[in-house]
Amino acid sequence: MRSLRILATDEEGTLQRTIFEFSRRNIPIGRLMYSHEKDSVTMHIGVERDEDVNRVLKHLNRIYGVRDVSILENEEVREKW
Amino acid sequence: MARRGVDTVFGIPGGASLSIYEEMSSMDLRHILGRHEGSTVFMADGFSRVSRKPGVFLGTSGPGATNAVTGVATAYTDSSPVICITGQVATQSMGRDAFQEADSFNLMVPVTKWNFKLKHGAEIPRVINRAFRIATSGRFGPVAIDVPSDVVSKEVDEASIQWADEPSLANSSDLSELANAVSMIRNAAKPAIIAGGGVRWSDSGDVVIRLAEKIGAPVVTTVMGKGGIPEDHPLALGTTGMHGRRSSHWVLNEADLVIAVGTRFSDRTTGKTSGFLPNAKVIHIDIDRAEIGKNITGVVGLAGNSADVLNAIMSGLDYQAESRSEWVKKVSEVRTFCQCDFDLPGNPIKPQKLMSSLSRLLPDDAILTTDVGQHQMFASHFFETRGRRQFITSGGLGTMGFGFPAAVGAKIAAPERKVVSIVGDGGFQMSYSEFITAVENEVPVFTVIMNNQSLGMVRQFQKQFYGNRVYAADYRRSPDFAKFAEAMGGEGVTVEKASEINEAIARGLKSDVPFIADVRVDINEDILPMTPPWMGQEGTIYGRCKWRDVKVEEPQNIGN
Ligand SMILES: Cc1ncc(C[n+]2csc(CCOP(=O)(O)OP(=O)(O)O)c2C)c(N)n1
Ligand SMILES: [Mg+2]
């Protein structure tokens, strides 16, 4: 499983918009972690297929409240989860 | 909003928005009271598409918001900066399934660029400012604001009001491939340009034409790009795509380099992607970097405002049209070949005849809006957007009911220009309740109904692809639209003979009240040529189009 880390502002809507970008492209979410600290949120989303990661990446990046999207290596994911 | 220069609001009030209306009643705002929220958003959208400024819609909670969704989604797919403000039940009632409570915030998420749910009155100015900024920065798009009724009605301490404007949102441009793009252009033998809706939104048609002239490249437009460049220009090859001009297909097939500007390569433009641009490398310019490489891959991408990017490209290029004179000559022959005479005589009236007449008689700065269906594609193919003419259509979502209200919004944005709405009899009936809105507000738009007494496009698909079984497409009863216009306080005429078209158009253009020309056309005339997206170019159905006799494998025969 590949994992994406999404950093966003804590304005309402970033979580929904993030999830919708997956569902509207028929990309199943394998795992989802959401945390809210101070004025920002972090989401870790696990995706099964590599090509889906690349497909969704640019669309996540353009969500207005999203500040950064990065692809995590598996090891790092295991540590965090 | 007044500080933002908003002088017109399109809306329908209700319980949850009455506190907003109370505030507005003392302001110097023009309020256009619509008849249905969906259509009222189309008006705001039409206003946006002409003014390239946000059109503002104001609706109530629950059904007001759900009705508005189609309008907002239509604006979203065509990148129109509509601001959609809806009332909401009071904060303390939220989540209790209160009367007219709907989760408007979440309903709007997938059809807006961004949206807000207000929490305090003090944040109103800041949120409004941000909404306008977001809607009109980068790739334009709608923004929604949900306003619980108590947020507006509670008094706010002056000192706590947040005015702070957002810092201007930087367009994240990326020109790292610029040098590469310039050398690709330099080395191309047969360059061509595709201009999409982005060219219209950024008003960069002049720059596109300058590039075309400099490098000797023909320009084709997508349906959304139509009107972005003047189609009477010798390098303009018309609209491309599913029902587009074959001259534009020829150009895209022949080209060894395509510069695509502000287009998302929708399936209506590309058809089957495997056969699209068979010989060309692609430079894709878009302000939305997510579009680059989305539908057409392996491109050289340049992200940024199209005028800026094109100017940057041009500064690296010498005049080189001369070295491509063979290509330009061939393009010109193909263009001439494709200028067919579609002023088809006889009765019942052929849709092509109607388009030919409109194309001839409308002023050079007319705004044409369309609805969705055969008439839309007839207009897109045959109506020439020469001069400053504008073409407004629901290209992305393909929303029936859009055309007429969009014309009302367009006319409010540009009262000095003639606004003509070409609609189908089906789509018009989805929003003709706004005809009275136009009468009431003295907005004299001219509506031409291409009346085939049928959901023509559905019928065409059933004929061509569903075993010729026409089912649930033809109407057994239709209104008398001319009488309808009169009953609403406008004027109308029924046109049954080709010889009556010119006079009807003249009357419609002259009318100072909303006017309908109900033009009865031949139900059996399909909009052709047509390339079904699932078939590729070999599957093209030509009908009358004389390209049917041109062998695809030897296009060099054209014009010789
Ligand atoms: C809201 C909506 N519902 C259904 C459709 C599907 N549809 C596409 S074209 C069409 C027929 C339109 O008929 P009409 O408005 O009379 O135009 P014509 O094709 O006859 O010119 C239909 C039903 C649509 N595009 N939009
Ligand atoms: Mg019809």
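The values are calculated or read from the model by the stated rules, or taken from the named source; none is laboratory data. Note that the coordinates shown come from a computational prediction; the quantities given were computed from them, not determined experimentally. All Cβ positions, glycine included, derive from the backbone under ideal geometry; neighbour counts span all protein chains shown.
So which residues in the stretch A:1-25 are in contact with a strand residue (DSSP E or B) (Cβ under 8 Å, 6 or more places away or on another chain) and either small (G, A, S) or within 17 Å of A:E51 (Cβ to Cβ) (or both), if there are any at all? A:M1, A:R2, A:S3, A:L4, A:A8, A:G13, A:F22 - these are the residues of the stretch A:1-25 that are in contact with a strand residue (DSSP E or B) (Cβ under 8 Å, 6 or more places away or on another chain) and either small (G, A, S) or within 17 Å of A:E51 (Cβ to Cβ) (or both). For B:Q460, the conditions (1) more than 16 Å from ligand 1 (Cβ to nearest atom); (2) under 23 Å from B:P345 (Cβ atoms); (3) in the same structural domain as B:M355 (by TED's automatic domain parsing) are fulfilled apart from (1).
Residues in the stretch B:282-300 that are in contact with a helix residue (DSSP H, G or I) (Cβ under 7 Å, 6 or more places away or on another chain), within 14 Å of chain A (Cβ to nearest Cβ) and either free of Cβ contacts under 8 Å to residues at least 12 places away in the same chain or in a strand (DSSP E or B) (or both): B:D286, B:A290.
Taking the numbered list (1) in contact with an Asp or Glu (Cβ under 7 Å, 6 or more places away or on another chain); (2) over 25 Å from B:G398 (Cβ atoms) in turn, B:M1 passes all entries but (1).
Across the stretch B:415-438, which residue is nearest to the other protein chains (Cβ to nearest Cβ) among those that are of a type in the set (V, I, T) and within 15 Å of ligand 1 (Cβ to nearest atom)?
Only one residue fits best here, namely B:V423.
Pairs are defined by a Cβ separation below 9 Å, a sequence spacing of at least 6 or placement on different chains, a first member in the stretch B:252-281 that is in a helix (DSSP H, G or I), and a second member that is charged (D, E, K, R); the pairs so defined are B:E254/B:K190; B:E254/B:K330; B:T273/B:D267; B:G275/B:E538.
Scanning the stretch B:385-408 for residues that are within 15 Å of B:G71 (Cα to Cα) and either among the small types (G, A, S) or free of Cβ contacts under 8 Å to residues at least 24 places away in the same chain (or both) yields a total of 8. Number of residues in the stretch B:62-107 that are more than 14 Å from chain A (Cβ to nearest Cβ), of a type outside the set (A, V, I, L, M, F, W, C) and in a helix (DSSP H, G or I): the value is 9. Within the stretch B:372-384, residues that are touching a residue at least 12 places away in the same chain (Cβ under 8 Å) sit with their Cβ atoms under 7 Å from residues that are more than 11 Å from ligand 2 (Cβ to nearest atom) and aromatic (F, W, Y), at 6+ positions apart or across chains, in these pairs: B:V372/B:F402; B:F382/B:F342. B:A122 falls short on exactly one of the conditions (1) at pLDDT 95 or above; (2) surrounded by 18 or more Cβ atoms within 10 Å (Cβ to Cβ), and that condition is (1). Can you find even one residue in the stretch B:148-163 that is at pLDDT 95 or above, within 14 Å of another protein chain (Cβ to nearest Cβ) and farther than 25 Å from B:G244 by Cβ? Yes, the stretch B:148-163 contains at least one residue that is at pLDDT 95 or above, within 14 Å of another protein chain (Cβ to nearest Cβ) and farther than 25 Å from B:G244 by Cβ.
When B:T263 is tested against the conditions (1) away from every other protein chain (no Cβ under 14 Å); (2) modelled with pLDDT under 95, the lone failure is (2). From the list B:Q339, B:Q352, the lone residue that is more than 23 Å from B:A280 (Cα to Cα) and surrounded by fewer than 17 Cβ atoms within 10 Å (Cβ to Cβ) is B:Q339. Within the stretch B:406-453, the set of residues being near ligand 2 (Cβ under 8 Å from one of its atoms) and either buried (at least 22 other Cβ atoms within 10 Å of the Cβ) or among the aliphatic types (A, V, I, L, M) (or both) comprises B:G424, B:D425, B:G426, B:G427, B:M450, B:N451, B:N452. Do we find that B:G409 is within 27 Å of B:S202 (Cα to Cα) and out of contact with any strand residue (DSSP E or B) (no Cβ under 9 Å at 6 or more places or on another chain) in this structure? The answer is no for B:G409. Scanning the stretch A:16-35 for residues that are more than 10 Å from chain B (Cβ to nearest Cβ) and part of a helix (DSSP H, G or I) yields A:T18, A:F22. Taken over the stretch B:212-251, the criterion of being assigned to a helix (DSSP H, G or I), surrounded by 24 or more Cβ atoms within 10 Å (Cβ to Cβ) and in contact with a Phe, Trp or Tyr (Cβ under 6 Å, 6 or more places away or on another chain) is satisfied by B:R246 alone. Only a single item in (1) within 13 Å of ligand 1 (Cβ to nearest atom); (2) farther than 19 Å from B:N502 by Cβ; (3) of a type in the set (A, V, I, L, M) is not met by B:M355, and it is number (2). Specify the residue that is nearest to ligand 1 (Cβ to nearest atom); the eligible residues are those in the stretch B:358-402 that are assigned to a helix (DSSP H, G or I) and of a type in the set (S, T, N, Q). Among those residues, the one meeting the criterion is B:Q374. Please give the number of the condition B:N557 fails out of (1) surrounded by 15 or more Cβ atoms within 10 Å (Cβ to Cβ); (2) at pLDDT below 95. For B:N557, the exception is condition (1).
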